[in-house]
Amino acid sequence: MATLGSAIKDSAGLLFADCSQSAGKLPLPDADLIAISAHKLGGPPGIGALLVRDLALLQPTGGQEKGYRRGTENLPAVVGFAAALEAGFDWVVEAGQLRALLDAGVEAEGGEVVAKDSPRLATIASYRMPGVSASSQLIGFDLAGISVSAGSACSSGTLKASHVLGAMGWSDQAASEVVRVSFGPETSEADVDRFVDCWRTIQRRASGKAA
């Protein structure tokens, strides 16, 4: 990011960083504008913030607060966002520990950890269950009351293989067997154990073995 930022600055450009996923988990970059999202920090959905280095970068076209606001503020969401920030991010450290437990549990059951040896956010993980489609896994986890995804929220509803996994060298077949898991402030070790148990059940049913 530092190299990219330097190149943009040298070309007299502006750097806009979407830190919705990384804010509170990684240091914020040196950017002109930074977007963050409350629900990724344990706050309510539907509210975020734009950090602006210089207000002169914005064109005030609203009717309130010197043109920088158009409509009525969502005060409950604002308070919830502030509460999430004040609560701090100690839970992110715990999430990393829980993810390590889940990594080990999935591997013990013959699963594969995506990007295991690469830097990863502590709150997200992706796992491949060889021979079992992600759509089948989603049904099995959903029936057990566990919410997972077959990709990013941005691509929900599509059956196409992840272009990100493709760029990482994964085949379409392997990519179609990957599910995505997130960890939050309330995730517990018991949740991890239940996920691994469910993973085992889905895998054995798919292979025709007794659950």
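The values are calculated or read from the model by the stated rules, or taken from the named source; none is laboratory data. Every value quoted in this text rests on a predicted model; they were computed, and no experiment measured them. Here Cβ is always computed from backbone atoms with ideal geometry, including for glycine, and neighbour counts include all displayed protein chains.
Count, please, the residues in region 103-139 that happen to be over 16 Å from the mean Cα position of the chain (by Cα) and within 13 Å of Phe183 (Cα to Cα).
1
Given (1) surrounded by fewer than 17 Cβ atoms within 10 Å (Cβ to Cβ); (2) over 15 Å from Gly184 (Cβ atoms); (3) more than 15 Å from the chain's Cα centre (by Cα), where does Leu26 come up short, assuming only one miss?
It fails just one condition, (3).
For region 19-53, how many residues are closer than 21 Å to Arg69 by Cα and without any contact (Cβ under 8 Å) to a residue 24 or more places away in the chain?
Looking only at that region, the number is 9.
Residues of region 61-111 being assigned to a helix (DSSP H, G or I), modelled with pLDDT under 90 and farther than 22 Å from Lys25 by Cα, which ones?
Result: Glu65, Lys66, Gly67.
Determine whether Glu177 is among the acidic types (Asp, Glu), modelled with pLDDT under 95 and in the same structural domain as Ile139 (by TED's automatic domain parsing).
When the stated conditions are applied, Glu177 passes them.
Residue under question is Val79, and the condition is that it be touching a residue at least 24 places away in the same chain (Cβ under 8 Å) and either more than 30 Å from Val192 (Cα to Cα) or of a type in the set (A, V, I, L, M) (or both); does it hold? So that I can check it myself, show each step before the final result.
Values: touching a residue at least 24 places away in the same chain (Cβ under 8 Å): no; either more than 30 Å from Val192 (Cα to Cα) or of a type in the set (A, V, I, L, M) (or both): yes.
When the stated conditions are applied, Val79 does not pass them.
Any chance region 121-133 includes a residue that's among the β-branched types (Val, Ile, Thr), surrounded by 11 or more Cβ atoms within 10 Å (Cβ to Cβ), part of a helix (DSSP H, G or I) and assigned by TED's automatic domain parsing to the domain that holds Glu189? Can you show your working first?
We begin by selecting, within region 121-133, every residue among the β-branched types (Val, Ile, Thr); these are 123-124, 132.
Subset that is surrounded by 11 or more Cβ atoms within 10 Å (Cβ to Cβ): 123-124, 132.
Next, only the ones that are part of a helix (DSSP H, G or I) stay: none.
Checked region 121-133: no residue is among the β-branched types (Val, Ile, Thr), surrounded by 11 or more Cβ atoms within 10 Å (Cβ to Cβ), part of a helix (DSSP H, G or I) and assigned by TED's automatic domain parsing to the domain that holds Glu189.
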